[in-house]
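Data first, discussion second: the structure below is written as structure tokens.
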């Protein structure tokens, strides 16, 4: 299938400043693109692209004071198949994990592994290692945390979610990631596009989505504690230790988010999406509510 992707973001900059944007499709999906995936800017300013330490495609730019628009639209080829599932895949012992996965066992900004280890082992210590443990974690988070946009706040951590039992997509993923790491399973935060393909359309405005990936059997697998079901049409943009590593934009100075809209839809038979408006902060960590 073909999926149409895009975004339209307008920032109000308080002064001339540098920004970093992580708005491109992840390099692992570049071969699937059938149109260019290039960040467009107004006003036009110089930029340079680089891969960050997690392998995400990023853009650095310096913009003048005032309004800055960032937008793009492209199309990508997708298999149309739901997320793969393999209940037999095994957990890799820590001593045999590839060195590059070890950082995803450790505590990070939003994932306090040390503070949730006791809870993890109480809940999942008897689960079969491997896929069954990760799925048990997803089931528990999905069943025990209530979703709501009004529960969002930029400082909320996995410990907060475990206590409050409420949050938005990224909070579900942070808690699941932390519990996986506590069970010695590498887990990393993922962000990207996820449209309502193969499921009833959600009434909420489209947003970038959050899920997580767990390292099992020698590869990374997609899991989603918020929706807790295999989905069609995930398009990865970035991965990191948690949401702090994959902010859609980071401005090095005060800025406001004037406009924010996201498009994710199957090319055939879909209506034009409506423009979405939202408020924001200097570092824009999308609430990823869809």
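Values in this text are rule-based calculations from the coordinates and carry no lab data. This is a predicted model, so every value here is computed, not measured. Counting neighbours? That spans all protein chains shown, and the Cβs are built from the backbone with ideal geometry, glycine included.
Once the Cα atoms are used to define both axes, helix 113-124 deviates from the longest principal axis of the chain by about 50 degrees.
Measuring how big segment 94-245 is from its alpha-carbon positions, Rg and Dmax come out at 14.5, 46 Å.
For the chain, count the residues as N, evaluate 2.2 N^0.38 Å, and divide the Cα radius of gyration by that value, please.
Computed over Cα atoms of the chain, the ratio equals 0.98.
Label sites at residue 267 and residue 254, each approximated as a point 7 angstrom past Cα along Cα to Cβ, lie 4.6 nm apart. Centroid-to-centroid, using Cα positions, segment 228-250 and segment 130-175 are 15 Å apart. With the simple model of a label 7 Å out from the Cα in the direction of the Cβ, residue 32 to residue 85 spans 1.9 nm.
Estimated from helices alone, the mean residue ellipticity of the chain at 222 nm is -5000 deg cm²/dmol (sum of -39500 (n - 2.57) over DSSP H runs with n ≥ 4, per residue). Gain on full extension, evaluated as 0.36 nm per residue between residue 219 and residue 126 minus their Cα-Cα distance, stands at 31.1 nm.
Between helix 169-182 and the chain there is an angle of about 40 degrees, using the helix long axis and the longest principal axis of the Cα atoms.
Between residue 244 and residue 2, the simple spin-label model (points 7 angstrom out along Cα→Cβ) gives 4.2 nm.
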